[in-house]
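J.: Have a look at this one before I ask anything.
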Amino acid sequence: MTWLETSTENCTVQRTLDLIGEKWSLLVLRDAMNGVHRFDDFRRHVGLSDAVLSDRLRKLVAAGILDTVPYREPGHRTRHEYRLTRKGWDLWPVMIALKQWGDRYTADPEGPPLEVHHRDCGESLEAVVVCAGDHGPLSPRQACTRRGASARALT
């Protein structure tokens, strides 16, 4: 079965985009990965409405990407912070890859506004594709696709 003969109904890329593929969701995740946890801070920094932010946070929590943690400041009602779960942190390499592409193709002439470095040595980070058998980094020409266990024929 070739790619064009394969159904995309259960495509994991499509399913991932259904969860996080909307611009505001990715920007909320970017901020969460950079230490933002509170609703008002997300709203102020990302610059979106209360309704849109509430919707994105609700969807990310329902998907198990963010978790809520109650907090209460003296004299105020209990509110919730939003923390990345392990599932959320597993998106970190995706965010680094998006940043790497953006730094290369969309940054200002002076360079990117944010650099991410290895804490121990100070070198910048790179997202690369490697083989599980320790052959990497790989180029697209060194990869091929094949049917997975859940592949279905296009009807």
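The values are calculated or read from the model by the stated rules, or taken from the named source; none is laboratory data. Being a predicted model, the structure only gives us computed values, none of them experimental. Every residue, glycine as well, gets a Cβ built from its backbone with ideal geometry; the counts of neighbours run over all protein chains shown. Each accessible area value is taken on the protein alone, full model and side chains, heavy atoms only, with ligands, DNA and RNA left out. Shrake-Rupley method; radii C 1.70, N 1.55, O 1.52, S 1.80 Å.
J.: Take region 135-155 and flag every residue that is over 21 Å from ASP90 (Cβ atoms) and either in contact with a helix residue (DSSP H, G or I) (Cβ under 9 Å, 6 or more places away or on another chain) or open to solvent by 100 Å² or more (accessible area, probe 1.4 Å) (or both).
T.: Within region 135-155, HIS135, PRO140, ARG141, GLN142, CYS144, THR145, ARG146, ARG147, ARG152, ALA153, LEU154, THR155 qualify.
J.: As an exercise: evaluate ARG44 against (1) farther than 30 Å from THR6 by Cβ; (2) in contact (Cβ under 8 Å) with a residue 40 or more places away in the chain; (3) open to solvent by 100 Å² or more (accessible area, probe 1.4 Å); (4) of a type outside the set (Phe, Trp, Tyr) and give the number of the one condition it does not meet.
T.: Unmet condition: (2).
J.: Restricted to region 50-76, and to residues that are of a type in the set (D, E, K, R) and out of contact with any helix residue (DSSP H, G or I) (no Cβ under 9 Å at 6 or more places or on another chain), which residue is most open to solvent (accessible area, probe 1.4 Å)?
T.: Ranking the qualifying residues of region 50-76, first place goes to ARG72.
J.: Please list, ordered by first then second residue, the pairs with beta carbon atoms under 8 Å, 6 or more apart or interchain, first in region 14-32 and open to solvent by 40 Å² or more (accessible area, probe 1.4 Å), second among the polar types (S, T, N, Q) and outside any helix (DSSP H, G or I).
T.: Every condition considered, the pairs that remain are GLN14/THR8.
J.: Which residue pairs have Cβ atoms closer than 6 Å, lie 6 or more positions apart in sequence or on different chains, and pair a first residue in region 76-99 that is β-branched (Val, Ile, Thr) with a second residue that is open to solvent by 70 Å² or more (accessible area, probe 1.4 Å)?
T.: THR78/PRO70; THR78/ARG72; THR85/ASP67
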